[in-house]
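Written below as structure tokens is the structure these notes are about.
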Amino acid sequence: MSANSTYAMQPVGRAISGVMRPPGSKSLTNRALVTAALAAGTSELTGVLHSRDTEVMIDSLRRLGISIEEYTDEHRVVVQGCGGQIPNARADLWLENSGTSIRFLAAMCALGPGDGQPGNYRLDGNGRMRERPIDDLISALGAMGCQARCELNSGCPPVVIESTGLSASKVAIRAEKSSQFLSALLLASPYNQQTLQIETIGTMVSEPYVEMTSGVMAAFGVTVECPQPGTYIVKPATYQGIRYDIEPDASAASYFFAVAAITGGEVTVDGLNANALQGDVMFVKALEQMGCEVHWGERQITVKGHPLKGIEIDMNAISDTAQTLAVVATFAQSPTTIRNIAHVRHKETDRIQAVVTELSKLGIHAVEFEDGMTIHPGTPRCSESKPALVDTYDDHRMAMSFALLGLVHSGIVIDNPGCTSKTYPDFFADLARLCEESSSL
Ligand SMILES: O=C(O)C1=C[C@@H](OP(=O)(O)O)[C@@H](O)[C@H](O)C1
Ligand SMILES: C=C(OP(=O)(O)O)C(=O)O
């Protein structure tokens, strides 16, 4: 799909049922790539996501001198770890608009080449990335003994890191804008020269992602102690190369669960369960509150759609699914209010503003407030003969969530559908396949 194309959705006119397996988790793929790159020995990662966010990570790790073999058709990569000593002392890295990549790699670069010589690295991204904050992480890395700065003094990328390594016993990090700053520090922390105590300042957002980070680190042999909320202790250690299997992406799964919710069908997502490392599996609890039936299996989760009622919900912990829920909310019998997601204004776009703007353009009543939005039930003011173009703001989650509207209502056209390549290049093909297979059930 070219950047300028559009995708005209076709309403399905019936309940959609079926089984889906979304591609591998972006968050787990990018964590596992970093831990495998820093490990001693070889790692084999399976269930890997191949998308722009993981491509920029892999390309950057290679520029740092890490050897990575990709077997794209098998969703598998083999990584030769560097044991914590970055092979190349200089590199220019392009992270496009991948928050996980730029933040995790900034902390990794701060480890330097490990031979006493300074490493010199520059990390940059696209126009939107240059508006996404990173200064809280840069300050923490600076306090741990490296020269780290935002090149344009904007608090955002580009970032320049000069470092001979990290050595600190204690560091504080703000995690009110993004949990990725803390995750980045944790991922690099086993190679800090002393036992490191990290304290978070302020109220942390997106907390399940920090547990995910500890979970991946544990799989590669490093323990994160958490003696009390907001305190993390990591001892000097070396990740050990392993074979590691990545779960399907739970945020991507939210679109398929939503299909069941809005069409009254039954959709099963394979490869996820209540023990998943991804907090976003809990999106189905929001659907349950709205009236859906949820079955938690050992290796799958099923959502069955029923008439929906509006809810009040705090989505701080699962904010990547807030746009999905906002679209589902238009199908409910009463309004839904989503709160405590002010941090989503710093993502691929200002997601609160984008959702409210696009719903309002469609004639659906939606109200924006500082940390969330209220969505009223409604039907888009468009039809086959009078289609409506939904702006997606180069945000994959705007495209994937607003596509749902077009499964039920006529005339929904998604602008720049190719933006899903950030995390889910085959999204529209997979959605069409689910609908086709459902008709033959
Ligand atoms: O650590 C991660 O893998 C992520 C953390 C979240 O970001 P914030 O912590 O910035 O909310 C989430 O939105 C993002 O898609 C992935
Ligand atoms: C916010 C997202 O990504 P990132 O922060 O990794 O760019 C996302 O995938 O929704």
Cross-chain or 6+ apart pairs with Cβ under 8 Å, the stretch 18-40 first and under 17 Å from N97 (Cα atoms) and touching a residue at least 12 places away in the same chain (Cβ under 8 Å), then away from ligand 2 (no atom under 16 Å from the Cβ) and part of a strand (DSSP E or B)
T29/L45
Scan the stretch 302-322 for residues that are among the small types (G, A, S) and away from ligand 2 (no atom under 16 Å from the Cβ) and report the count.
2
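Condition check: more than 22 Å from the chain's Cα centre (by Cα), open to solvent by 10 Å² or more (accessible area, probe 1.4 Å) and away from ligand 2 (no atom under 16 Å from the Cβ). Does V234 satisfy that? Please lay out each step first, then the result.
Working: more than 22 Å from the chain's Cα centre (by Cα): yes; open to solvent by 10 Å² or more (accessible area, probe 1.4 Å): no; away from ligand 2 (no atom under 16 Å from the Cβ): yes.
Here the answer is no, as V234 does not meet what is asked.
Let's see how each residue does on (1) at pLDDT below 95; (2) part of a helix (DSSP H, G or I); (3) within 16 Å of ligand 2 (Cβ to nearest atom):
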site: Y393; (1), (2), (3): no, no, yes
site: S401; (1), (2), (3): no, yes, yes
site: G406; (1), (2), (3): no, yes, no
site: A429; (1), (2), (3): no, yes, no
site: C435; (1), (2), (3): no, yes, no
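Given the criteria buried (at least 23 other Cβ atoms within 10 Å of the Cβ), modelled with pLDDT of 95 or more and outside any loop (DSSP other than H, G, I, E, B), does L123 qualify?
Numbers: buried (at least 23 other Cβ atoms within 10 Å of the Cβ): yes; modelled with pLDDT of 95 or more: yes; outside any loop (DSSP other than H, G, I, E, B): yes.
Yes.
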Give the residues of the stretch 311-334 that are outside any helix (DSSP H, G or I) and either more than 17 Å from V408 (Cβ to Cβ) or within 13 Å of ligand 1 (Cβ to nearest atom) (or both), sorted by residue number.
I311, E312, I313, D314, M315, S334
List, please: which pairs have Cβ atoms under 6 Å, are six or more places apart or on different chains, and start with a residue in the stretch 169-183 that is of a type outside the set (S, T, N, Q) and end with one that is in a helix (DSSP H, G or I) and near ligand 1 (Cβ under 10 Å from one of its atoms)?
I173/F181; I173/L182; A175/F181; A175/L182; K177/H343; K177/H346; L182/V210
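Scan the stretch 133-145 and give yes if some residue there is more than 16 Å from ligand 1 (Cβ to nearest atom), farther than 19 Å from N192 by Cβ and of a type in the set (A, V, I, L, M), otherwise no. Don't jump to the end; show me each part of the working.
Step one: of the stretch 133-145, the residues more than 16 Å from ligand 1 (Cβ to nearest atom) are 139, 141-145.
Subset that is farther than 19 Å from N192 by Cβ: none.
Within the stretch 133-145, not a single residue is more than 16 Å from ligand 1 (Cβ to nearest atom), farther than 19 Å from N192 by Cβ and of a type in the set (A, V, I, L, M).
Would a scan of the stretch 92-107 turn up a residue that is charged (D, E, K, R) and surrounded by 24 or more Cβ atoms within 10 Å (Cβ to Cβ)?
The initial filter retains those residues of the stretch 92-107 that are charged (D, E, K, R), namely 92, 96, 103.
Subsequent filtering for residues that are surrounded by 24 or more Cβ atoms within 10 Å (Cβ to Cβ) retains 103.
For the stretch 92-107, residues charged (D, E, K, R) and surrounded by 24 or more Cβ atoms within 10 Å (Cβ to Cβ): present.
Being outside any strand (DSSP E or B) and charged (D, E, K, R) is the filter; apply it to the stretch 1-54 and report the residue that is most open to solvent (accessible area, probe 1.4 Å).
We begin by selecting, within the stretch 1-54, every residue outside any strand (DSSP E or B); these are 1-5, 9-17, 21-23, 25-39, 41, 47-54.
Imposing the further condition that a residue be charged (D, E, K, R) reduces the set to 14, 21, 26, 31, 52-53.
On the way: R14: 96, R21: 140, K26: 21, R31: 3, R52: 73, D53: 5 Å².
Looking at residues that are outside any strand (DSSP E or B) and charged (D, E, K, R), I get R21.
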Any idea which of (1) over 16 Å from the mean Cα position of the chain (by Cα); (2) touching a residue at least 24 places away in the same chain (Cβ under 8 Å); (3) farther than 16 Å from A32 by Cβ; (4) part of a helix (DSSP H, G or I) is the one K285 doesn't satisfy?
(2)
Hits in the stretch 246-276 (condition: more than 24 Å from A317 (Cα to Cα) and assigned to a strand (DSSP E or B)):
E266
Search the stretch 335-361 for residues being open to solvent by 10 Å² or more (accessible area, probe 1.4 Å) and part of a loop (DSSP other than H, G, I, E, B), and hand back the single one that is nearest to ligand 2 (Cβ to nearest atom).
K347
Select from the stretch 394-441 the residues that are under 13 Å from T6 (Cα atoms) and hydroxyl-bearing (S, T, Y) and list them in ascending order.
T420
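Quick check on I134: is it touching a residue at least 12 places away in the same chain (Cβ under 8 Å), among the hydrophobic types (A, V, I, L, M, F, W, C), within 16 Å of ligand 2 (Cβ to nearest atom) and touching a strand residue (DSSP E or B) at 6+ places or on another chain (Cβ under 7 Å)?
Values: touching a residue at least 12 places away in the same chain (Cβ under 8 Å): yes; among the hydrophobic types (A, V, I, L, M, F, W, C): yes; within 16 Å of ligand 2 (Cβ to nearest atom): yes; touching a strand residue (DSSP E or B) at 6+ places or on another chain (Cβ under 7 Å): yes.
The answer is yes for I134.
The values are calculated or read from the model by the stated rules, or taken from the named source; none is laboratory data. Treat the numbers as computed from the prediction; the structure is a model and nothing was measured. In this analysis, Cβ positions are derived from the backbone assuming ideal geometry, glycine residues included, and neighbour counts consider all displayed protein chains. The accessibility values were calculated without ligands, DNA or RNA, using every heavy atom of the protein model including side chains. Shrake-Rupley method; radii C 1.70, N 1.55, O 1.52, S 1.80 Å.
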